[in-house]
Every structure is written in structure tokens, then in C-alpha cells.
Amino acid sequence: LQVCIKKDFVCKEDGNIMGIDINAGNFAVTIINKDKKVLRQLYFGQDILNKRKKIEIRKSKLRSIYDKTFSNRALRSLRNIRRFEYNFVRTRLFQINNQVVRLANEFNVSHIVIEDLNNLKVGRKLGNSKGRRVNRIINKIPYAKFRTTLNIIVTQQLINVVTINPYRTSKKCSKCGHINQIRTKRLLKCKSCGFECNRD
């Protein structure tokens, strides 16, 4: 028996803002108040990338064994490791989003702002290839799963999720709006007003 229940949620209007920047290696979480003062900045999910790198090495070895010997054992191991990877990523994303929501409640967050990366996939078939290495890194970002798990948890906590266009968000100064050229990986130093902050 399946029962569908429709429920209206009235989300908070006033409160602090949480921004989530999705990178290939982690999720950068920043909480700011109305005066644009940073209250907290954290990184989550570095372990997902590290674990997937190890899994990818194991999968490539199993694939080469199967290509040479056509072993059923290697094929079964390959299927099992793919299932393990899927379950590991899904579980970790739920854990990360639970931590995000706990932080949101602790700092009275009313809006979570996230980049709109729906057209994130790249490749030769799609006509937007950025090179084999970069393609592999970008396609490993679990954006859709992250968004889905975040929406499941956040709706029950009465917090709004807002998506924004990610274009130049890491180059734009949050104080004066000037577009800067990035010279370092993490630090943004505005040439217009001299403001310095973490790019994420």
C-alpha cells in the first residue's frame, strides 16, 4: 500500500544566509549575516574524492583483467565495486547534508544559496570537452545527488534553497562587485577596493 501525503511548508523569511560552493574536491560552506560578515566557513566531503580515486584505480585493474581473461570473477568484482561506490557516495552526501542543516539551525539560516550546475556534464559527445583529465574531474562531481539529498532534508527544516548562476562567482568581489583575475587558488584580492577573502 502506498500513500501520498501533500503538505505545505512555510519557510523562514528573515535570517542569515548560507552559501555552498561545489568544487571537484569538496563542498565549501560559508555562513554570512545581513552585513556580509562571515560567521563560519567549513569544507566538507574531501573524503569522497579520495575514496573515489582509490575505487577508480581498483576498477581500472579489474577492467584490464576482464579484458585479458574474460573472467566472470573479475566481472562480478567490478559490479560489486560499482555498487559499493554508489552506496558510499549516497550515504556520505546524506551525512554531509545533515551536518549542513545542523549548522543552518545553529546559525539561524533562512536561505541556502547553491550554484545551478544542471548542465555540468562535459565530454566530446556533448561538444563541450575540456580535455580528458578535466572532463573526468568535472564528471565526478556528485552535484545532482547532492541537490536531491539537500532538498529532502532542508524542506522539513523550513529553510529555502535558492539556485544562482555560477558564472564568475569566484572572480567577483563580494564588496564592490569588481571582476578580478584569479592568481591564486584560494585567495581573492580585489584590485578595485583591496578587499581580501577566500574565493570559495
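Results, tabulated for the structure shown:
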quantity: Length released on extending from Ala144 to Leu1, taking residue separation times 0.36 nm less the Cα-Cα span; calculated: 48.6 nm
quantity: Residues of region 7-120: accessible area per residue with a 1.4 Å probe, Å²; calculated: 62
quantity: Solvent-accessible surface ranking, highest first, for Ile153, Ile164 at 1.4 angstrom; calculated: Ile164, Ile153
quantity: Links that overshoot a 29 Å alpha carbon limit, given the list Lys145/Lys191; Lys54/Lys145; Lys53/Lys175; calculated: Lys145/Lys191; Lys53/Lys175
quantity: Surface accessible to a 1.4 Å probe, Leu78 within the full protein complex, Å²; calculated: 10
quantity: Cα gyration tensor shape of region 1-87, rounded if a/c is under 1.5, else prolate or oblate by comparing a/b with b/c; calculated: oblate
quantity: Gained length - Arg83 relative to Arg168, 0.36 nm times residue gap less alpha-carbon distance; calculated: 27.0 nm
quantity: Distance between region 36-88 and region 98-115 - C-alpha centres, whole angstrom; calculated: 29
quantity: Gain in span if fully extended, Thr69 to Lys54, counting 0.36 nm per residue against the direct Cα distance; calculated: 3.1 nm
quantity: Volume per residue of the C-alpha convex hull in the chain, rounded to whole Å³; calculated: 172
quantity: Estimated dipole of the chain in Debye, rounded to 20 [Cβ of Lys and Arg +1, of Asp and Glu -1, Cα centre]; calculated: 1480
quantity: Protein accessible area in the chain, 1.4 Å probe - carbon and sulfur %; calculated: 50
quantity: List Ser192, Ser71, ordered by accessible area with a 1.4 Å probe, largest first; calculated: Ser192, Ser71
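The values are calculated or read from the model by the stated rules, or taken from the named source; none is laboratory data. Please read all numbers here as calculations on a predicted model, not as lab measurements. Here Cβ is always computed from backbone atoms with ideal geometry, including for glycine, and neighbour counts include all displayed protein chains. Areas reflect the complete protein model, heavy atoms only, side chains present, ligands, DNA and RNA absent. Shrake-Rupley method; radii C 1.70, N 1.55, O 1.52, S 1.80 Å.
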